[in-house]
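Before I ask anything, here is the structure I am working with.
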Amino acid sequence: MRVLIIEDEVALGKTLSQLLSENSYQCDIAENLSDAKYYLDIRNYDLVLLGWGETQNSNATLINDIKKEAHKTSVIVLSERQDKEHEIEALKSGADDFIRKPLDHEILLVRIEAKLRFGASNIIEIEDLIINPEEEKIIYQGNEIELKGKPFEVLTHLAMHNDQIVSKEQLLDAIWEEPELVTPNVIEVAINQIRQKMDKPLDITTIETVRRRGYRFCFPKKIG
């Protein structure tokens, strides 16, 4: 599960990241809205933890934008404010939960687990193709397809950005933990495996190459 922590209190952001990492979550930290929007543009998140201070009124707009662009992403507001009006505003903007600071870490973990367990499903269904990111499973016309690891993650990321052109650099940033340590040709290897293990045997096309720009998920598209 991947979590984006948006928190301008640097120490708190690091504490939350360490807490979640110790509980098997993958975390990114954004200290301001600009960084948050950058991460949201390049990666898919199961959960956003949004720190909301006394004067950060633009966060309501950010919550609304997240829900429009990635409606399956859960948003939990971590608030310094104690007034009921602020909680109502956050929930009306689309937040899934509202927790006041100071935080009880044990309670926070329980509420995160509950939200991810009962929140919206990340399963992608397009005609007779089903991609289940949580179980790393692909089913086409009722039959399970053997595609795991990075090729599966590349396919899933492109499917989540259906009809959008995604560059190699964006794929590296979104999927590899240390993208600076790998070369872009790992993307070509992953795409080739998708085509060899899935597209050719099934006589379908799921990904098309857009010359000099990247790749685009294009299913359903029959060969020939």
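The values are calculated or read from the model by the stated rules, or taken from the named source; none is laboratory data. Remember, predicted model here, so these are calculated numbers, not experimental data. Neighbour counts run over all protein chains shown; Cβ positions are idealised from the backbone, glycine included.
Of everything in segment 118-142 that's of a type in the set (D, E, K, R) and assigned to a loop (DSSP other than H, G, I, E, B), which residue is modelled with the lowest pLDDT?
Of segment 118-142, the ones of a type in the set (D, E, K, R) are 125, 127-128, 134-137.
Applying the additional criterion that residues be assigned to a loop (DSSP other than H, G, I, E, B) yields 127-128, 134-136.
Working: Glu127: 86, Asp128: 89, Glu134: 75, Glu135: 81, Glu136: 88.
Checked segment 118-142; the qualifying residue modelled with the lowest pLDDT is Glu134.
Going by what's in this entry, would Leu47 be described as among the hydrophobic types (A, V, I, L, M, F, W, C) and either touching a helix residue (DSSP H, G or I) at 6+ places or on another chain (Cβ under 6 Å) or within 28 Å of Ile175 (Cβ to Cβ) (or both)?
yes
Here is a follow-up. Can you name the number of the only condition in (1) surrounded by fewer than 17 Cβ atoms within 10 Å (Cβ to Cβ); (2) β-branched (Val, Ile, Thr); (3) over 15 Å from the mean Cα position of the chain (by Cα) that Ile123 fails?
(3)
Follow-up. Please state which one of Ser79, Ser34, Ser17, Ser93 is free of Cβ contacts under 8 Å to residues at least 24 places away in the same chain and surrounded by 14 or more Cβ atoms within 10 Å (Cβ to Cβ).
Ser17
Now for a separate question. If Phe98 meets every condition in (1) surrounded by 14 or more Cβ atoms within 10 Å (Cβ to Cβ); (2) within 30 Å of Lys197 (Cα to Cα) apart from one, which number is that one?
If we test Phe98 against (1) surrounded by 14 or more Cβ atoms within 10 Å (Cβ to Cβ); (2) within 30 Å of Lys197 (Cα to Cα), just (2) comes out false.
If only one of Asp41, Asp28 is among the acidic types (Asp, Glu), in the same structural domain as His105 (by TED's automatic domain parsing), closer than 23 Å to Leu116 by Cβ and surrounded by 14 or more Cβ atoms within 10 Å (Cβ to Cβ), which one is it? Write out each step before concluding.
Working: Asp41 fails: surrounded by 14 or more Cβ atoms within 10 Å (Cβ to Cβ).
Answer to the check: Asp28.
Taking the options Lys14, Lys68, Lys115, name whichever one is in a helix (DSSP H, G or I) and either on the phi > 0 side of the Ramachandran plot or more than 19 Å from the chain's Cα centre (by Cα) (or both).
Criteria check complete, one pass: Lys14.
Does Val48 satisfy the criteria of being free of Cβ contacts under 8 Å to residues at least 40 places away in the same chain, in a strand (DSSP E or B) and under 19 Å from the mean Cα position of the chain (by Cα)?
no
Which ones in segment 206-219 are surrounded by 17 or more Cβ atoms within 10 Å (Cβ to Cβ) and more than 13 Å from Asn162 (Cα to Cα)?
Listed by number, the list holds a single entry, Gly214.
Against the definition (touching a Pro at 6+ places or on another chain (Cβ under 6 Å) and within 29 Å of Asn64 (Cα to Cα)), how does Leu116 come out, yes or no?
no
Looking at (1) in a helix (DSSP H, G or I); (2) under 30 Å from Gln164 (Cα atoms); (3) of a type in the set (Asp, Glu), find the lone condition where Glu89 falls short.
Among (1) in a helix (DSSP H, G or I); (2) under 30 Å from Gln164 (Cα atoms); (3) of a type in the set (Asp, Glu), Glu89 violates only (2).
Look at Asp8 and say whether it is at negative phi and under 19 Å from the mean Cα position of the chain (by Cα).
So Asp8 does not fit the description; no.
OK, next. If you check Leu50, Leu91, Leu19, which single one turns out to be modelled with pLDDT of 90 or more and in contact with a strand residue (DSSP E or B) (Cβ under 7 Å, 6 or more places away or on another chain)? Talk me through it step by step, then tell me what you get.
On the way: Leu91 fails: modelled with pLDDT of 90 or more; Leu19 fails: in contact with a strand residue (DSSP E or B) (Cβ under 7 Å, 6 or more places away or on another chain).
Result: Leu50 is the single residue among Leu50, Leu91, Leu19 that is modelled with pLDDT of 90 or more and in contact with a strand residue (DSSP E or B) (Cβ under 7 Å, 6 or more places away or on another chain).
Checking Leu202 against (1) within 18 Å of Glu153 (Cβ to Cβ); (2) in contact with a Phe, Trp or Tyr (Cβ under 7 Å, 6 or more places away or on another chain): exactly one of these is not met. Which one?
(1)
Another question about this same structure. Of the residues that make up segment 102-116, is at least one in contact with a Ser or Thr (Cβ under 7 Å, 6 or more places away or on another chain) and farther than 23 Å from Ser34 by Cα? Break it down into steps so the answer makes sense when it comes.
Of the residues in segment 102-116, the ones in contact with a Ser or Thr (Cβ under 7 Å, 6 or more places away or on another chain) are 115-116.
Subset that is farther than 23 Å from Ser34 by Cα: 115-116.
For segment 102-116, residues in contact with a Ser or Thr (Cβ under 7 Å, 6 or more places away or on another chain) and farther than 23 Å from Ser34 by Cα: present.
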